[in-house]
Amino acid sequence: MSAPVFGRRAWLKTTLIAVGGVAVGSAPGVETDFTIRHHRIRQSIMGWTYNFMPIADLAKLCKQIGLVAMEGIDPKHYPMIRELGLAVSLVGSHGFAKGPFNPSNHDFVEKKLRDGIDLAAHVGCPSVITFTGMREPGISDEQGARNCVDCWKRVIGYAEEKKINLCLEHLNSRDNSHPMKGHPGYFGDNVDFCVELIKRVGSPNMKLLFDIYHVQIMNGDVIRRLRLYKDFIGHYHTAGVPGRGELDDGQEINYPAVMRAIVETGYTGYVAHEFIPTWPDKVAALRHATKVCDV
């Protein structure tokens with residue numbers, strides 16, 4: 001199900017109600033005035049999931065709740081969010097569909113990654129996202145793996161020079177219900193194999209984007225895996241399973257336990273919320289997610 005589109009006036013009304021402490025359409029027990037208290041997890045938001053809200057209003061809401069960063073927004077908004085005191089937690093690049101699995105994409109991917117590295121260095125962001133791309137007829141998995149590694153090796157030296165990480169995102173290929181809930185045909189759909197690809201690149205600046213939602217769908221055993229791969233993880237995403245909704249008790253991941261495990265590994269990077277809100281009170285949904293992860 002796609003994220004609903006609300007008008008600015010409707011959102012402002014909802015925000016005022018939520019800030020005033022009266023929950024409208026929220027789950028029972030949600031603190032509508034919650035702000036982050038512990039700050040052991042550096043929480044961010046993937047902006048596309050709240051695209052029914054003007055970016056400036058979303059940024060102010062994030063600042064009010066206590067999130068420290070944003071990502072997945074147009075770079076034209078970077079100066080505004082930085083002026084508010086928010087960081088950029090992840091910079092985009094070539095997208096998940098057209099990736100290095102096919103060598104005909106390598107020049108395109110390399111340019112997008114280099115441009116992303118330059119932008120990340122300019123705004124003080126630690127990481128640029130990358131993807132494998134989709135499987136294609138006539139290219140075996142092993143050849144596709146070599147193609148991916150060869151392409152990333154063309155860029156990784158530049159990333160090292162600029163002190164920027166490339167973060168390979170693992171995506172699930174099982175869910176075909178929505179174009180942003182799953183990605184049938186995606187090559188990097190096994191998190192263990194994604195780590196193998198990262199090892200083949202052989203650079204401390206090549207990292208894994210551990211999307212908890214996608215890992216749970218494809219591989220499971222989330223806490224054991226994040227502990228096992230702690231030295232390779234450069235970024236985290238959250239969302240509820242199934243459905244990519246809120247981090248509430250209607251989904252199957254024990255997020256407080258996952259967050260405590262992340263803290264125990266010594267991770268100091270960002271954890272970005274990438275759930276698609278379904279509650280009528282979207283502001284309360286974000287506050288609830290931040291509370292669940294404020295361990």
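Miscellaneous remarks
- Charge tally in the Cβ shell below 12 Å around residue 35, where Lys, Arg are +1 and Asp, Glu are -1, residue 35 excluded: +1
- For the range 36-172, the residue among 103, 145, 65 whose Cα projects farthest onto the positive side of the dipole built from Cβ charges is 65.
- Dividing the mean sequence gap of close Cα pairs (under 8 Å, 6+ apart) by how many residues the chain holds gives a relative contact order of 21 percent.
- With Cα atoms, 0 to 90° folded angle of helix 8-19 axis to the chain main axis: 70 degrees
- Share antiparallel - DSSP beta bridges, the chain, percent rounded to 5: 5 percent
- Taking 0.36 nm per residue of sequence separation and removing the Cα-Cα distance, the residue 264/residue 153 pair yields an extension gain of 36.8 nm.
- Taking a Cβ cut-off of under 13 Å around residue 64, the surrounding Lys, Arg, Asp and Glu residues balance to a net charge of +1, with basic ones at +1 and acidic ones at -1.
- By the Stokes-Einstein formula, at 0.692 mPa s and 37 °C, the chain with its Kirkwood radius over alpha-carbon pairs has D equal to 169 µm²/s.
- Percentage of interatomic Cα-Cα distances in the range 72-199 larger than 27 Å: 20 percent
- Student exercise, the chain dipole from Lys, Arg, Asp, Glu Cβ charges, in Debye to nearest 20: 540 debye
- Prolate/oblate/rounded label for the range 49-90 (Cα gyration tensor, a/c 1.5): rounded
- Hull volume in cubic angstrom per residue (convex hull over the Cα atoms of the range 132-172): 67 Å³
- The relative contact order of the range 192-295 comes to 26 percent, based on Cα pairs under 8 Å that sit 6 or more residues apart.
- Taking a Cβ cut-off of under 12 Å around residue 266, the surrounding Lys, Arg, Asp and Glu residues balance to a net charge of +1, with basic ones at +1 and acidic ones at -1.
- Label-point separation in nm, residue 98 to residue 80, each point 7 Å along Cα→Cβ: 2.7 nm
- Simple spin-label estimate for residue 60 and residue 257 in nanometres, 7 Å along Cα-Cβ: 4.0 nm
- Residues within the reach of a label modelled at residue 40 (point 7 angstrom out along Cα to beta-carbon, backbone nitrogen below 19 Å), restricted to the range 237-274, are 237-238, 254-273.
- Distances between placed amide hydrogens fall under 5 Å for residue 211 paired with 170, 237, all partners being 5 or more residues away or on another chain.
- Within a straight-line Cα-Cα reach of under 21 Å, residue 153 can be paired with the following lysines, leaving aside sequence neighbours fewer than 8 residues apart in one chain: 98, 111, 112, 162, 163, 199, 207.
- C-alpha long axis of helix 106-123 to longest principal axis of the chain, angle in °: 50 degrees
- Sequentially through the range 216-232, phi angles give Karplus couplings (6.51, -1.76, 1.60; θ = phi - 60°) of 4, 5, 8, 10, x, 6, 4, 5, 4, 5, 5, 5, 5, 9, 4, 6, 10 Hz, Gly and Pro residues having no value and appearing as x.
FYI, it's all coordinate maths here, none of it is from the lab. Note that the coordinates shown come from a computational prediction; the quantities given were computed from them, not determined experimentally. Using ideal geometry, Cβ is built from the backbone for each residue, glycine included, and neighbour counts are taken over all protein chains shown.
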